[in-house]
Amino acid sequence: MTEYSRIIQGGMGVGVSNWKLARTVSAAGHLGVVSGTALDQVLARRLQQGDPGGEMRRGLDAFPFPAMAKRIRQAYFIEGGKPDRTPYRSIPLLVKDNPRELTELCMVANFVEVFLAREGHGNPVGINYLEKIQTAILPSVYGAMLAGVGYVIMGAGIPLRIPGVLDAYAQHRPAEYPLHVAGALESDDGMMRFDPGEYAECALPALQRPRFLAIVSSNTLAITMTRKANGRVDGLVIETQTAGGHNAPPRGKMQLSSLGEPIYGERDAVDIEKLCDLGVPFWLAGGYGSAEKLTEALAAGAAGVQVGTAFALADESGLKREYKRKLLESVVAGTARVFTDPLASPTGFPFKVARLEGTASQEEVYAARPRICNLGYLRQAYRTTDGGIGYRCAAEPLSIYLSKQGHAEETVGRKCICNGLFANIGLAQVLPGNRVEPGLVTAGDDLATLAQFLRPGATSYSAMDVIAKLERGLAPQEHVSRQAEQIELQPSLSAVAGA
């Protein structure tokens, strides 16, 4: 690899950017990234499915604290897998001070995903977190570092305190992180703490301090991260409103187009020339999934690009094959559409939703689902009347939300994104009445361009097809997926495809 990879594979959804995809991309010489979102639930559900390929158990066997790994396996592994219509076991919802069993699950799950992504090659692997999911941050980061993660990438917030966390955990020292609590007073203790020494079963050598990349959407946030973080910021990912998942809201008063989507203007544009003056490498994201856009980004002074949607529909990603097939069919037919929904996310941020039949993007499908919040990753912490900390979600039952000092207007149009994202990867929960949670697929605005990665007559494509196309935007000497390397990597890539 060059010092900094020209291509970063985006960390998408819950389990879409899984270890198989990240391993393929990193083995090819670019930066593969696993999604760190809700990995506690992901590992638990994969084990309850029986772990058909044995990868989860192999990751557990490699965890440096065997007694902890054994507890996780005993709690969740089901030989042969649970019956299809049996619900997954409930796991406690994340809170400021998590019970030990949940802290251990977060730590182990992040280790396993990074460990598997690093198998079979010597190149760095990254992990992507949402700053909004704060209650899982500390043990999750430490677990990923135990596995030797090379990059920590974080967006959906302003993660000023993460560099200091990385510095502390590299030496196995305690670290803390502030929880944003609505209505909190200065005298309230909203600090989350995690001390690795309280969980260690043996002494370990110092860990590699991963590079930290902050995902930002404006020059102002870029300056804030580089000047006010409590440690070294190694780079920035500049994500525009065309990227999939959550988007930053427009600056100023929210205005909607005739289609009901947020309107972005000049105030939301990023000045790339000013980014070059910050003195840190940066990658451009959101609509940069082509060789031409990679060349354009490099010419503008960027270190490279981050590409999400193209990899999300690759064979190796965790997205359900049925969803990939239907989306690619719509791409070829010219009917693919992504809607930037200003209301869907309980966070209040605009959220990109791919129009897909049979999923929660269809209002009639979602209307048949009872309002329930049983995963809670996007809940908001708030100060209760007695000075404690409560948690509310704008997608939970209205009466419950109102009882938690919420307002009815905040619930209009909200959807349960958490359960939708699990359904996207074949880990849908079974609801009372034998109902199954519907998926809710997100994609960037460049979904319509993905036919470029399909070979003639093909109905699907691989991550290597994406890389080969993107690399055409590099200078010849920078191509890293040389034929000899691909031949050498073929056995591991075959194993990934068959897993």
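For residue 65, only one of the following conditions fails: (1) more than 23 Å from the chain's Cα centre (by Cα); (2) surrounded by fewer than 18 Cβ atoms within 10 Å (Cβ to Cβ). What is its number?
(2)
How about segment 93-211: which helices (runs of 4 or more DSSP H) wholly inside it have at least 1 residues that are more than 23 Å from the chain's Cα centre (by Cα) and among the small types (Gly, Ala, Ser)? Break it down into steps so the answer makes sense when it comes.
Values: elements: 100-118, 137-146, 162-170.
Filter on segment 93-211 gives 162-170.
Identify the residue in segment 367-387 that is out of contact with any Pro (no Cβ under 9 Å at 6 or more places or on another chain) and surrounded by fewer than 17 Cβ atoms within 10 Å (Cβ to Cβ) and, among all such residues, is modelled with the lowest pLDDT. Don't jump to the end; show me each part of the working.
Within segment 367-387, the first condition is being out of contact with any Pro (no Cβ under 9 Å at 6 or more places or on another chain), and the residues that meet it are 367, 374-377, 381-387.
Subsequent filtering for residues that are surrounded by fewer than 17 Cβ atoms within 10 Å (Cβ to Cβ) retains 367, 374, 384-387.
On the way: 367: 88, 374: 94, 384: 96, 385: 93, 386: 93, 387: 94.
If we take residues in segment 367-387 being out of contact with any Pro (no Cβ under 9 Å at 6 or more places or on another chain) and surrounded by fewer than 17 Cβ atoms within 10 Å (Cβ to Cβ), then 367 is modelled with the lowest pLDDT.
Counting just the residues of segment 19-60 that are assigned to a helix (DSSP H, G or I) and acidic (Asp, Glu), which one comes out surrounded by the fewest Cβ atoms within 10 Å (Cβ to Cβ)? Spell out the reasoning first.
Of all residues in segment 19-60, those assigned to a helix (DSSP H, G or I) come to 19-27, 39-48, 55-60.
Still in the running and acidic (Asp, Glu): 40, 55.
Details: 40: 26, 55: 19.
Ranking the qualifying residues of segment 19-60, first place goes to 55.
Looking only at residues in segment 65-81 that are in contact with a helix residue (DSSP H, G or I) (Cβ under 6 Å, 6 or more places away or on another chain) and of a type outside the set (Lys, Arg), which one is farthest from residue 103 (Cα to Cα)?
Residues of segment 65-81 that are in contact with a helix residue (DSSP H, G or I) (Cβ under 6 Å, 6 or more places away or on another chain), as a first pass: 68-69, 72-73, 76-78.
Okay, now just the ones that are also of a type outside the set (Lys, Arg), so 68-69, 72, 76-78.
Details: 68: 11, 69: 12, 72: 11, 76: 15, 77: 18, 78: 21 Å.
Taking the candidates together, the pick is 78.
Do we find that residue 378 is part of a loop (DSSP other than H, G, I, E, B), in contact (Cβ under 8 Å) with a residue 24 or more places away in the chain and closer than 19 Å to residue 91 by Cα in this structure? Let's see the steps before the verdict.
On the way: part of a loop (DSSP other than H, G, I, E, B): yes; in contact (Cβ under 8 Å) with a residue 24 or more places away in the chain: yes; closer than 19 Å to residue 91 by Cα: yes.
Yes.
Hey, residue 346 hits all of (1) farther than 18 Å from residue 216 by Cβ; (2) in contact with a Leu (Cβ under 6 Å, 6 or more places away or on another chain); (3) crowded, with 21+ Cβ neighbours inside 10 Å; (4) at pLDDT 95 or above but one; which does it fall short on?
Condition (4) is where residue 346 drops out.
For residue 167, indicate whether it is over 30 Å from residue 386 (Cα atoms), surrounded by fewer than 17 Cβ atoms within 10 Å (Cβ to Cβ) and at pLDDT below 95. Before you say what the answer is, go through the steps one by one.
Working: over 30 Å from residue 386 (Cα atoms): yes; surrounded by fewer than 17 Cβ atoms within 10 Å (Cβ to Cβ): yes; at pLDDT below 95: no.
In short, no.
What number of residues within segment 65-92 satisfy the criterion of being part of a loop (DSSP other than H, G, I, E, B) and aliphatic (A, V, I, L, M)? Walk me through how you get there before you give the answer.
Of all residues in segment 65-92, those part of a loop (DSSP other than H, G, I, E, B) come to 65, 77-92.
Filter again for aliphatic (A, V, I, L, M), leaving 78, 91.
Summing the residues that are part of a loop (DSSP other than H, G, I, E, B) and aliphatic (A, V, I, L, M) in segment 65-92 gives 2.
When both residues are 6+ apart or on different chains and their Cβ atoms are under 7 Å apart, which pairs have a first residue that lies in segment 332-352 and is in a helix (DSSP H, G or I), and a second that is modelled with pLDDT of 90 or more and hydrophobic (A, V, I, L, M, F, W, C)?
332/451
Could you give every pair whose Cβ atoms fall below 7 Å, whose first residue belongs to segment 259-270 and is under 12 Å from residue 350 (Cα atoms), and whose second residue is of a type in the set (Val, Ile, Thr) and surrounded by 12 or more Cβ atoms within 10 Å (Cβ to Cβ), counting only separations of at least 6 or pairs across chains?
Sorted first by the residue in segment 259-270, then by its partner, the pairs are 261/340; 262/340.
Give me a count of the residues in segment 171-197 that are under 22 Å from residue 133 (Cβ atoms) and either aliphatic (A, V, I, L, M) or out of contact with any Asp or Glu (no Cβ under 8 Å at 6 or more places or on another chain) (or both).
Initial filter on segment 171-197 (under 22 Å from residue 133 (Cβ atoms)): 174-184, 188-196.
Filter once more, so that each one left must be either aliphatic (A, V, I, L, M) or out of contact with any Asp or Glu (no Cβ under 8 Å at 6 or more places or on another chain) (or both): 175-184, 188-192, 195-196.
Number of matching residues: 17.
In segment 238-255, what residues are hydrophobic (A, V, I, L, M, F, W, C) and either part of a loop (DSSP other than H, G, I, E, B) or surrounded by fewer than 13 Cβ atoms within 10 Å (Cβ to Cβ) (or both)?
Within segment 238-255, the subset hydrophobic (A, V, I, L, M, F, W, C) is 238, 243, 248, 254.
Answer for segment 238-255, where residues must be hydrophobic (A, V, I, L, M, F, W, C) and either part of a loop (DSSP other than H, G, I, E, B) or surrounded by fewer than 13 Cβ atoms within 10 Å (Cβ to Cβ) (or both): 243, 248, 254.
If a residue must be within 29 Å of residue 98 (Cβ to Cβ), of a type in the set (Val, Ile, Thr) and either free of Cβ contacts under 8 Å to residues at least 40 places away in the same chain or not in a strand (DSSP E or B) (or both), how many such residues does segment 225-237 contain? Explain how you work it out, then say what you get.
The initial filter retains those residues of segment 225-237 that are within 29 Å of residue 98 (Cβ to Cβ), namely 225, 228-234, 237.
Retained after the next criterion (residues that are of a type in the set (Val, Ile, Thr)): 233, 237.
Right, trim to either free of Cβ contacts under 8 Å to residues at least 40 places away in the same chain or not in a strand (DSSP E or B) (or both) and you get 233.
Count: 1.
Of all residues in segment 298-326, which are outside any loop (DSSP other than H, G, I, E, B) and either of a type in the set (Val, Ile, Thr) or on the phi > 0 side of the Ramachandran plot (or both)? Reasoning before the result, please.
If we filter segment 298-326 for residues that are outside any loop (DSSP other than H, G, I, E, B), which is where we start, we get 298-299, 304-307, 309-312, 321-326.
If the condition is that a residue be outside any loop (DSSP other than H, G, I, E, B) and either of a type in the set (Val, Ile, Thr) or on the phi > 0 side of the Ramachandran plot (or both), then 304, 305, 307, 309 are the ones that fit.
The values are calculated or read from the model by the stated rules, or taken from the named source; none is laboratory data. Predicted, not measured: the structure shown is a model, and the values here were computed from it. When we count neighbours, we look across all protein chains shown, and the Cβ atoms used for this are built from the backbone with ideal geometry, even at glycine.
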